[in-house]
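The values are calculated or read from the model by the stated rules, or taken from the named source; none is laboratory data. These numbers were taken from a predicted model, which means no experiment stands behind them. Here the Cβ positions follow ideal geometry from the backbone for every residue, glycine too, while neighbour counts run over all protein chains shown. We work out accessible area using only protein heavy atoms, side chains counted, and drop any ligands, DNA or RNA first. Shrake-Rupley method; radii C 1.70, N 1.55, O 1.52, S 1.80 Å.
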Amino acid sequence: RRAKLEVCAGLKSYSGEESMLNATLVVDSILYDEIKNTYKNLDLIAFDSIDRSLFTVDRYLISEGLIADINAVSKLAKLLGLNDKQIAAGLAKYSPGEGRGKFIYDKDGNLYIDETYNANPEAVRNSVNAMIKQFPEDYKIALIGDILESEAGLIDELFSEIRSYENDNFRLIDARGLNAQQAFDILKQIETTKRRVILVKASRGAKFEEIMRFAVCQP
């Protein structure tokens with residue numbers, strides 16, 4: 001957050017004068033309260049509500065972070081003159097790309113949520129909670145591998161928290177220290193009569209994107 005706000009401090013005119021360029025910053029309400037007295041020559045616009053009606057697709061994971069981002073972008077789009085219909089049309093074309101929440105189905109209709117681009121504790125927590133909310137009736141599996149961008153203590157706390165969610169419709173596979181093939185072999189051993197929704201998330205070093213290939217190519 002501090003690093004991104006350095007952009008505000010650097011918005012000086014090209015003439016070299018100390019005055020700021022005319023600029024509008026769209027922020028969430030918490031950040032608005034924090035910086036409104038710091039950058040007084042910026043026009044600040046806060047957004048509070050999370051409008052889930054903007055999301056009508058079923059092609060990717062809808063996390064709280066994504067919803068907040070889309071709300072900010074929608075607010076900005078309206079400032080630029082776009083109407084609700086145009087914004088909805090743009091959102092309908094959105095695709096998160098490989099490793100960023102994209103849905104992949106295997107031959108049996110099980111759903112893999114490809115979140116393999118990277119991982120940190122906050123992102124893992126958000127993704128797990130999003131899956132639980134988005135698929136309340138399905139059998140859900142969180143297949144979580146190595147998280148390399150955090151401290152060991154925080155990671156242990158995270159796994160303990162996720163394990164506390166376990167019930168008849170949710171299971172955690174702690175795949176830390178495993179490669180993609182080993183993790184996939186454990187996944188295949190789980191038996192359930194329900195459709196599976198499998199969240200696959202790990203840091204880049206784990207190369208868990210290979211699990212997507214295993215899932216699609218398995219006999």
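Brief remarks follow.
- Among the residues of segment 116-129, those identified as assigned to a helix (DSSP H, G or I) and either open to solvent by 30 Å² or more (accessible area, probe 1.4 Å) or over 21 Å from residue 192 (Cβ atoms) (or both) are 121, 122, 123, 124, 125, 126, 129.
- Close pairs (8 angstrom Cβ cut-off, 6 or more residues apart or separate chains): under 22 Å from residue 129 (Cβ atoms) in segment 199-215, among the β-branched types (Val, Ile, Thr) and assigned to a helix (DSSP H, G or I) anywhere: 199/128; 200/211; 201/124
- For segment 58-99, a residue qualifies if it is within 22 Å of residue 196 (Cα to Cα) and in contact with a Ser or Thr (Cβ under 9 Å, 6 or more places away or on another chain), and the qualifying residues are 59, 60, 61, 63, 98, 99.
- Only one of 198, 113, 104, 147 that is open to solvent by less than 40 Å² (accessible area, probe 1.4 Å), at negative phi, at pLDDT below 95 and not in a helix (DSSP H, G or I): 104
- Taking the criterion of being out of contact with any Asp or Glu (no Cβ under 6 Å at 6 or more places or on another chain), β-branched (Val, Ile, Thr) and farther than 25 Å from residue 25 by Cα, the only residue of segment 79-123 that qualifies is 113.
- From the options 179, 169, residue that is free of Cβ contacts under 8 Å to residues at least 40 places away in the same chain and open to solvent by 60 Å² or more (accessible area, probe 1.4 Å): 179
- Among the residues of segment 78-101, the ones that are within 21 Å of residue 117 (Cβ to Cβ) and open to solvent by 70 Å² or more (accessible area, probe 1.4 Å) come to 4 in all.
- Residue 121 within 21 Å of residue 58 (Cβ to Cβ) and free of Cβ contacts under 8 Å to residues at least 60 places away in the same chain: no
- Residues that are surrounded by fewer than 15 Cβ atoms within 10 Å (Cβ to Cβ), basic (Lys, Arg), under 23 Å from residue 7 (Cβ atoms) and at pLDDT 75 or above within segment 36-77 comprise just one, 36.
- Any hit, segment 134-142, residues being assigned to a strand (DSSP E or B), modelled with pLDDT of 95 or more and surrounded by fewer than 15 Cβ atoms within 10 Å (Cβ to Cβ): no
- Enumeration of residues in segment 12-35 that are modelled with pLDDT under 75, outside any strand (DSSP E or B) and open to solvent by less than 50 Å² (accessible area, probe 1.4 Å): 13, 23
- Test result for residue 168, within 19 Å of residue 101 (Cβ to Cβ) and of a type in the set (Asp, Glu): no
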